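Scroll down for the structure; my scribbles are underneath it.
The values are calculated or read from the model by the stated rules, or taken from the named source; none is laboratory data. Small disclaimer: the values here were computed from a predicted structure and weren't measured. Positions of Cβ are backbone-derived with ideal geometry, glycine not excepted, and every protein chain shown enters the neighbour counts. Please note that ligands, DNA and RNA were not included when accessible areas were found on the heavy atoms of the full protein model with its side chains. Shrake-Rupley method; radii C 1.70, N 1.55, O 1.52, S 1.80 Å.
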Amino acid sequence: MSCASKEEEQQRPNILYIMTDDHTQQALHAYGHGLLDKVYFPNMNRLAKEGALFKNSFVTNSICAPSRAVLLTGKYSHLNGKIDNVTPFNWDQATYPKILQASGYETALIGKIHLEGKPQGYKYSLTLPGQGNYYNPEFIKNGEEELKFEGHCEALIPQFVIDWLDKDWDRSKPFAINYHTKAPHRNWMPEEKYLTLYEDQKFPFPKNFFDDYTGRGTAAREQEMEIVNDMYWGWDMKFEKNPFTGNESRLPAPFKRMSKEQMDAWNSVYGSPNKAFLDNKPMGEELAKFMYHRYLRDYLKVIKSVDDGIGRVLDYLEKQGLLENTIIIYTSDQGFYLGEHGWYDKRFMYEQSLSTPLLVRYPKEIQAGTVVEGMVLNLDHAPTILDYAGIPKPADMQGESWRQLAAGKPFPKRDAIYYHYYEYPGPHNVKRHYGVRTDRYKLIHFYHDVDEWEMYDLQTDPDEMNNIYNDPDYSQIQEMLHKRLRELRKQYGDSNELSQQFIDQIK
């Protein structure tokens, strides 16, 4: 039971936490990476213009379910227990929604959570089972009742948010909503109205698209996340069969979920280019160009639907007079490769998947157009949300509030961040690794069935093409990074012994 008075409750800010899945900084014009030559997503851009953009926002473990567990608990994976997409998540542990709820907030979780079990800490939840589906998806209400809806996932989720606010939210209390989208997670099946969007748009290859991984270690060479060699012809490229073998795709696209009208709309756009491909199968660079553009266009199309949804929710809040007292946090569970190194997916500690967008709008404290340079982690979101709600951070939460940074106030900046990825052996074959990143340098240790170190100077080598570990010119930097890595592992309670326990557990 909350001890806050009604007047105090009304003054406390509402909290809208928007999390997409696999949206990367390269796919947001506000980050200026050069891929997008204009504003593709105006509502996300609005958040950047009217609030703060964090340039150096990172994750502690670049994979879906563990990232969400870190968000909820404010603890590293080795302490919250969710190290990969397979191990169970313990909902009985402390989470920030539970703390908000106990303090008088009305809480709701709507969209993707990707953590098995009945969600705790929410008055209401309507979640996708597992990864969920784009077309005609099922949702689970309050962890118990499965419901099926007609339509596209990214049109449904924002409407569910609006419906809860409009019909179920007790307006005598502040709200805290986890509004989580499926997009742009694989397999990128666009909404009908956006099937033709970007189809005429040409995108240049990233300059290291044809990376041969010279100078890097075993992990970069043995991964299975290359667009040309590892994408599925059904699931990713949207063909009925493998064009080169005639065999069924390893994972077919879920076309059977679609109605006849939806399938007809799909075929009216994808049928002709697919036929042209089959009639004259490209090879070499032309094949790479086709696959890259099919992937990138579909990826951007589903984000367009996400942006529409955000706009609808913002419009609702504005019309209801709620916008100015609502903290809006926009982020993703991790970054993603859009052809850098020839890749898609995430997992590695390299920049594109380590970093993630973070935009925050709260005009009562945050000046429009603020750019935050300090390094923050998804580990910090839980204590920050509690900070905005006026609730002290629990002693066992490992993150730190970025509230002062967003407000442009003097605040001690991190000098380094710590990362640890575990899911190996597993999908995409990315080896286990941990490491440290400062504002300029990065040190990574790949372990388990290898023992290899990589080190990068992000100022002279932002694309991480030149491993300088053991370069004598960087010997002092290398020593400093090893020292800082040991300190961070001790600070966060991680160790080689813990890593071995997780290896044994997965075996």
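Here are the numbers:
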read-out	value
Of all DSSP beta bridges in the chain, antiparallel share, percent nearest 5	55
Given charges at beta-carbon only (K, R positive; D, E negative), |dipole| of the chain in Debye	760
Accessible surface of the chain, 1.4 Å probe, proportion on carbon and sulfur as whole %	48
Distant-in-sequence amide H partners of residue 240 (H built 1.01 Å from N, under 5 Å)	none
Protection proxy ranking, peptides 242-251, 304-313, 187-196, 20-29, average beta carbon neighbours within 10 Å, highest first	20-29, 304-313, 187-196, 242-251
Exceeding the 24 Å Cα-Cα cut-off - candidates 49/167; 112/167; 55/82	49/167; 55/82
Sum of side-chain charges, residue 491 neighbourhood, beta-carbon under 14 Å (Lys, Arg +1; Asp, Glu -1)	+2
Anisotropy class of the stretch 13-86 from Cα gyration tensor, a/c 1.5 cut	prolate
Axial C-alpha extent at least 18 Å, average Kyte-Doolittle at least -1.0 - helices from the chain (DSSP)	260-279, 284-319
Proximal lysines to residue 173, defined as alpha-carbon separation beneath 17 angstrom and excluding residues fewer than eight positions away on the same chain	6, 98, 123
Candidate lysines for bridging to residue 241, where Cα separation is under 18 Å - those fewer than 8 sequence places away on the same chain excluded	256, 275, 281
For the stretch 352-398 versus the stretch 435-478, the gap between their alpha-carbon centres in whole angstrom	28
The chain, helix-only ellipticity at 222 nm - DSSP H runs n ≥ 4, -39,500 (n - 2.57), divided by all residues, nearest 500	-9000 deg cm²/dmol
